[in-house]
Amino acid sequence: MKSYVCLFQSKEPLVHKLHQKQEELFRDFLSCFGKQEHLIAKGPKELQQLNLNQDGGLILPKEKVFCGNAVKEIIKIGHRSTFVQSFYEQASSAYILCARYLQQKLPLYNPVLRAISSLDPDIQGHSVSCQLMKSLKELIPVALTSDEKDLYDREVQAFHVDVSLPPQNETSIDQWWAGVMVKYPTLGAVVRGVLSIFHGPQVESSFNIMGNIMDAKSSRMNVETFDAIQTVKYSLRATGATAVKHFSRKPGTTVCAKLCSSMKGAAGQYKRKLAAKTAEREAKQKRLQLQKIQGNKHQAKVQADKAVTASRLKFVARQKRKARIENLDELARKRLKQ
């Protein structure tokens, strides 16, 4: 389980391996307490429909389940005790419960993941992978127009008989496909969309970057501003250049008109947002029947909180009264039937 999690925390795109790896994970886990001869020949669809009951013939005897060598050494001392028998029963039950949970949660026979697995260069040239790759145009319809779908099928067929493509070796999947997309642009449009599917640790790293942007003086920064700053930081990190070097211009070149327009309109846009927030707050105060008080922001916030609490209590009281009336009506109908 740990190796599965660590694999998909890498920065390299590995979404094409997800279908295969989760099948391997589930089969390896079942081998800890199941009979191997019942597992080795089963595909993902059969694994998802597998009967995991004790009487299904799949489960090993309780004494044969995997518990580790350290546990076995301890069990040898008191192998006849009731404690050992109880441990075996609990271990077997725990294995079955975990397997059922994985069976329910893992998309072992997901059509999208099966189709995405066809992007693996190692299975190029097979009729099954060709048909799976063709199905991507329907599973990810936004990547192509209706006129491009026929061209996509032709490019997929040509790709699977192309003997001039380089081996992947140690190259990452996105770098390998970057060279192939030049030759097959329509196929590349779908592949580009698939390989952009997120599965890595970038969310956690974005919180680390957030610490460099948000501080005591900018704690009320809105999401749009933070998103813009973070995008610039990611771009600078990708190019490996400083802001001065990246945005420098040669003497005599004209200033970007769009940038100047955005800078001039930024203050006005910010003021309009503040005015909209103020109007929204005043509408809320009017709806809650609040009197505009003279005082600081803390006093206004306390009064608003009290009004919200009072409004919530009134709503709860109305709901309780409605429920009591419905119960009385139901009781009256039952008595009339009697």
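Which FRET efficiency, nearest 0.05, do Ala178 and Thr225 yield, Cβ-Cβ r, R0 45 Å?
E between Ala178 and Thr225, to the nearest 0.05, is 0.85.
Kindly rank 88-97, 222-231 from highest to lowest mean number of other beta carbons found within 10 Å of each residue.
88-97, 222-231
Candidates (1) 1.00; (2) 1.07; (3) 1.12; which is the computed Rg/Rh (Cα atoms, Kirkwood Rh)?
Correct label is (3).
Give the relative contact order (percent, whole number) for the chain; include only Cα pairs under 8 Å separated by 6+ residues.
17
Have a look at Cys260, Cys130, Cys67 and tell me which one the Gaussian network model of the chain (Cα, springs below 10 Å) gives the largest fluctuation.
Ranking Cys260, Cys130, Cys67 by mean-square fluctuation puts Cys260 first.
Any idea of the accessible area per residue across the chain, 1.4 Å probe, to the nearest Å²?
Each residue of the chain exposes 72 Å² on average to a 1.4 Å probe.
Using the per-residue mean of other Cβ atoms lying within 10 Å as a proxy for protection, in what order, highest first, do the peptides 113-121, 31-39, 10-18, 239-247 fall?
Result, highest mean first: 113-121, 10-18, 31-39, 239-247.
Rounded, prolate or oblate: pick one for region 1-78, where a ≥ b ≥ c are the square roots of the eigenvalues of its C-alpha gyration tensor, a/c under 1.5 means rounded, and failing that, prolate if a/b is larger than b/c, else oblate. Don't jump to the answer; show the numbers that get you there.
Numbers: a/c = 3.85, a/b = 1.42, b/c = 2.71.
In terms of gyration-tensor shape, oblate.
Please compare each pair in Lys21/Lys105; Lys233/Lys271; Lys286/Lys306; Lys45/Lys105; Lys286/Lys314 to a cut-off of 19 Å on the Cα-Cα distance and tell me which ones are over it.
Pairs exceeding the cut-off: Lys233/Lys271.
The values are calculated or read from the model by the stated rules, or taken from the named source; none is laboratory data. It should be emphasised that the depicted structure is a prediction, and the values quoted were computed from it without experimental measurement. Don't worry about glycine lacking a Cβ; one is built from the backbone with ideal geometry, like all the others, and counts go over all protein chains shown. Accessible surface is based on the protein model in full, side chains and every heavy atom, while ligands, DNA and RNA are left aside. Shrake-Rupley method; radii C 1.70, N 1.55, O 1.52, S 1.80 Å.
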